[in-house]
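To start, the structure under review is shown below, and the notes come after it.
The values are calculated or read from the model by the stated rules, or taken from the named source; none is laboratory data. Computed from a predicted model, the values in this text were never measured in an experiment. Every residue, glycine as well, gets a Cβ built from its backbone with ideal geometry; the counts of neighbours run over all protein chains shown. To get the accessible areas, we keep the full protein, side chains included, count just its heavy atoms, and leave off ligands, DNA and RNA. Shrake-Rupley method; radii C 1.70, N 1.55, O 1.52, S 1.80 Å.
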Amino acid sequence: MIDLDPHDLRICLRAGEGADAHGGAVLPPIAQASLFRKATMQDLHRDLAREHLTATYSRGTNPTVQVLETTLAALERGEACKCFASGMGAIGAVLFGLLKAGDHILFVNDIYGPTLELARRLADFGISHDQCFTGSPDAIAPLLREETRLIFMESPGSTRFGTIDLPGIVALARNRDILTAIDNTVATPLLQKPIALGVDLVVHSCSKYIGGHSDALGGAVIGSAQLVERIFYNAYMLMGAVMPPFEAWLFLRGLMTLPTRLRQHHADGLALARFLAQHPAVARVFHPDLDAAPEGAGNRRGHSGLFAFEVAAGGFARAVEVANRLDLFGKAVSWGGAESLVITGHKRDPGADPTLRIPAALLRLSVGLEGASALIADLDRALA
Ligand SMILES: *Cc1c(COP(=O)(O)O)cnc(C)c1O
């Protein structure tokens with residue numbers, strides 16, 4: 001079983017507290033209001049000057065969303081957090097809020113596709129980028145430029161779940177005054193603490209494990225009060241990707257069971273990965289806990305239930321066939337809910353190109369809560 005930090009369990013289970021003013025309710029009331037009245041015009045003026053701290057209008061701050069923000073900041077050991085309508089809302093605000101024309105971003109590791117598409121759009125606004133698939137400081141250093149302002153990382157990375165040397169990259173960035181950000185969605189706030197390793201900003205899609213029930217979209221940015229405030233005024237308030245209070249309430253509810261869900265996702269994911277690793281119809285399993293010596297272990301406590309494998313022979317068409325033969329795995333995008341899901345690594349047949357980073361026959365699994373033995377039996381039958 002993964003060893004979670006008892007302090008985190010306390011934070012998750014009491015996620016909604018601070019509700020003394022509401023008769024001891026275990027979750028905060030849903031402040032379903034777009035605006036907040038103040039006693040005097042002076043009070044209104046004062047609060048408008050600190051909208052990142054005080055609710056005046058829900059495009060800025062909302063009390064229910066604020067409870068989630070405090071909770072996520074505590075889990076990530078950051079000073080401040082801002083929540084967004086989606087993970088992409090959070091990632092977009094980091095890039096728009098901190099960068100300007102002439103700046104350069106270095107992406108490190110496999111990166112969530114839409115994040116890279118957004119970076120390609122930013123090229124039209126004079127912000128350039130490169131990507132390094134190797135996560136060691138030696139490979140990264142030559143790609144850093146005078147104009148590099150941000151190193152944006154994922155670890156474990158999307159799709160192939162490789163890990164990178166976070167402390168080594170942080171040291172390199174600090175020497176050159178470059179900001180570091182990591183998309184920590186795959187690890188969740190419980191299994192890896194990037195801020196404790198010196199990373200400046202953490203982003204999350206709450207739509208995955210934090211919500212945990214495939215019923216809500218949300219995102220978050222966590223970091224120093226100063227950086228989060230910059231992102232708040234330079235991007236968040238102007239772009240309107242606002243998390244609604246009901247969603248914040250759903251995420252607070254989700255956090256209460258996150259530790260327990262993660263323990264089962266981890267154990268069952270690992271059991272499935274080990275089963276697949278010895279299966280003759282499987283060429284390779286991409287799961288960071290199966291790697292003998294993962295690069296720069298950082299402070300990871302283990303992996304969740306999201307991993308991928310390559311079907312042995314027959315390429316993309318065979319992967320599609322195996323996916324279709326699975327009973328318990330829904331064919332769907334996204335991940336992190338109670339139900340198991342499967343998706344191909346490619347949306348169409350990429351052909352037999354040997355230089356492909358993502359194998360043509362890759363299948364990504366999100367291992368849900370159905371139980372390992374039933375899921376293994378399903379996989380065994382589909383691969384036969
Ligand atoms: C899903 C996902 C996102 C985007 O989050 P949304 O809430 O869907 O906008 C970003 N990064 C990673 C790693 C993701 O899996």
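Points worth noting:
- Axis of helix 315-325 versus longest Cα principal axis of the chain: the two differ by about 80°, to the nearest ten degrees.
- Taking Cα centre as origin and charging only the Cβ of basic (Lys, Arg, +1) and acidic (Asp, Glu, -1) residues, the dipole magnitude of the chain rounds to 400 debye.
- Taking the charge dipole of the range 116-272 about its Cα centre, with +1 at Lys and Arg Cβ atoms and -1 at Asp and Glu Cβ atoms, the residue from Tyr209, Gln131, Ile151 reaching farthest to the positive side is Tyr209.
- Cα gyration tensor shape for the range 116-206, rounded if a/c is under 1.5, else prolate or oblate: oblate
- Average Cα contact separation per residue, the chain, under 8 Å, 6 or more apart, as relative contact order %: 18 percent
- The range 223-365: relative contact order as a whole-number percent, Cα under 8 Å and 6+ apart: 19 percent
- Accessible area (Å², 1.4 Å probe, nearest 10) - Met239: 110 Å²
- If you sort Asp183, Asp138 by accessible surface, 1.4 Å probe, largest first, the order is Asp138, Asp183.
- At the residue level, Lys82 shows approximately 10 square angstrom of accessible surface with a 1.4 angstrom probe and all protein chains present.
- Cα shape, the range 291-365, gyration tensor, a/c 1.5 rule: oblate
- Share, in percent, of DSSP beta bridges within the chain that are antiparallel, nearest 5: 55 percent
- Euclidean distance between Cα centres, the range 317-384 to the range 81-118, Å: 28 Å
- Accessible area per residue (1.4 Å probe, heavy atoms of protein chains only) ranks Trp249, Trp335 as Trp249, Trp335, with the largest value leading.
- Structure-based [θ]222 nm, the chain - -39500 (n - 2.57) summed over DSSP H runs of at least 4, per residue, nearest 500: -10500 deg cm²/dmol
- GNM on the chain, alpha-carbon springs under 10 angstrom: the most fluctuating residue among Ala33, Ala360, Ala308 is Ala33.
- Residues whose amide H falls under 5 Å from that of Leu306, counting only those 5 or more places apart or on a different chain, are Val367, with hydrogens built in the peptide plane.
- Largest accessible area first, the residues Asp327, Asp200, Asp268 order themselves as Asp327, Asp200, Asp268 under a 1.4 Å probe with ligands, DNA and RNA left out.
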